[in-house]
Amino acid sequence: MKDSQKLDNLLWTIKKDIFPAIGCTEPIAVAYAAAVANKYLTGNMDSMLIKVSKNIFKNGKFVVVPSTNEYGLDLAGALGALVGDPEKGFMVLKDVNEDVIESAHQIIDSGKIKSEYVEGDSDVYVDIVVNSYSDVVEVELKDSHTHIEKIVVGGETVYEAKLSNDNIVSCEFLKNMTFKEIREVCEIIPLEKLEFIQEGIDMNKKAAERGISENKGLNIGATLKRLLEKKRLSMDAPTKARILTAAAADIRMGGGCCPIMTSGGSGNQGLGVVLPIMVVAEDEGIERERLIRAVFLGHIVNKFVKTYTGKLSGMCGCAIAAGIGASAGISWMLGGKDEQISGTCNNMLANLTGMICDGAKESCALKLATSASESVISAYLANENIIVKNNVGIIGENIEETIKNTGILCKEVFTHADEVIVDMIK
């Protein structure tokens, strides 16, 4: 494969999972499917049945729905049906207001909406059946949070589209790359092809600033800032990364109508990749071009990890994917060579592997804050050549093998943890 083709393939693979989103992606997936169903429904909705995979159930049960102070997949479904615009994708609930919320509660209180989770082979799965006096519409969403696989109206399939093989090919293409090859691409790609990276930096920084000033979620970011002002904490890059990342997570997971630029299709992972790198760049006076390339590297490493662990798993993706990406970007940005870049990722995985994902919720800000802070410290250590030894514990012969081992843990061990967690939160 020619270098230009490799570059274009990598850019396409990463860019398709970087986009603005409002709200946690699991309830958003339900709202999106409900909005699509409503588009095909004739007459007023009499009932809605929402069936979801256990990971959608786990991550959608206790996270606040955008523009509300409440949670619930039934609420997300009702809002999606009432006001959701499927053309807006991950911004589907942008137009929610108090009147719409009141109407949603009337539908829910009347017993028209039921939700349940089902077993299946897809981490991301939503099936919605809506009935009116004259119609039955079924919408099946699968494998990606806004990918509609099938629409059935009155028993007749009117739309069907499986995810293209391009998605499988792109994942395999990325898996076949080494960290050295990824780093080389980040250094040579024309800067004009990375303008979207700056948009994400600006968007996620603004979310962090709003999280500091607005009382959302657990208000961890703003409280950490107050502790800093009281001199209970000391200002340094790891602490600043902790504060800003927590603040942005506060507003996102606390129901704020605030766009976030995703990474690997995840808003929290977008925060976890972008903000720690941005903080170190500001602290060290790094030039804009190097910052943009470092964030691009962070996005690629995040996606690289997720090709092994899956979109959703029993481990916290912010710790084992976004945090890894951030640490790689920081190490490279500060002059780290391939040994240090791989080493900081091994440091992170030796540290945070095993952090569970027990569902999306306001306290995700704590896990994001930990991952952000540790990504900075890990990079600082690696660039001082403090790196965990190979072939110890889950750490493999190289970083690629360590990530494969992490994927095995996610898919062969933590699936059982997922089942136990879902039983706990049902």
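For the reader, a short list of remarks on this structure follows.
- Top-ranked residue in segment 335-391 [being acidic (Asp, Glu) and farther than 21 Å from residue 217 by Cα; ranked as nearest to the chain's Cα centre (by Cα)]: 374
- Breaking point among (1) over 24 Å from residue 252 (Cα atoms); (2) in contact (Cβ under 8 Å) with a residue 24 or more places away in the chain, for residue 239: (1)
- Inside segment 64-95, residues that are closer than 15 Å to residue 37 by Cα and among the β-branched types (Val, Ile, Thr) make up a count of 2.
- Search result, residues across segment 153-181 that are at pLDDT 95 or above and hydrophobic (A, V, I, L, M, F, W, C): 153, 158, 179
- Apart from one condition, residue 39 fits all of (1) surrounded by 22 or more Cβ atoms within 10 Å (Cβ to Cβ); (2) assigned to a helix (DSSP H, G or I); the exception is (1).
- Residues in segment 262-287 that are part of a helix (DSSP H, G or I), of a type outside the set (S, T, N, Q) and in contact (Cβ under 8 Å) with a residue 60 or more places away in the chain: 267, 270, 271, 272, 274, 275, 276, 278, 279, 280.
- Within segment 13-50, if we keep just the residues that are of a type in the set (Phe, Trp, Tyr) and closer than 29 Å to residue 364 by Cβ, the residue that is nearest to the chain's Cα centre (by Cα) turns out to be 19.
- When residue 126 is tested against (1) in a loop (DSSP other than H, G, I, E, B); (2) in contact with a Ser or Thr (Cβ under 9 Å, 6 or more places away or on another chain), exactly one condition is not met: (1).
- Residue match in segment 51-64 (condition: of a type outside the set (Phe, Trp, Tyr) and surrounded by fewer than 18 Cβ atoms within 10 Å (Cβ to Cβ)): no
The values are calculated or read from the model by the stated rules, or taken from the named source; none is laboratory data. Keep in mind it's a predicted model, so treat the numbers as computed, not measured. FYI the Cβ positions are ideal-geometry reconstructions off the backbone, even for glycines, and counts take in every protein chain you see.
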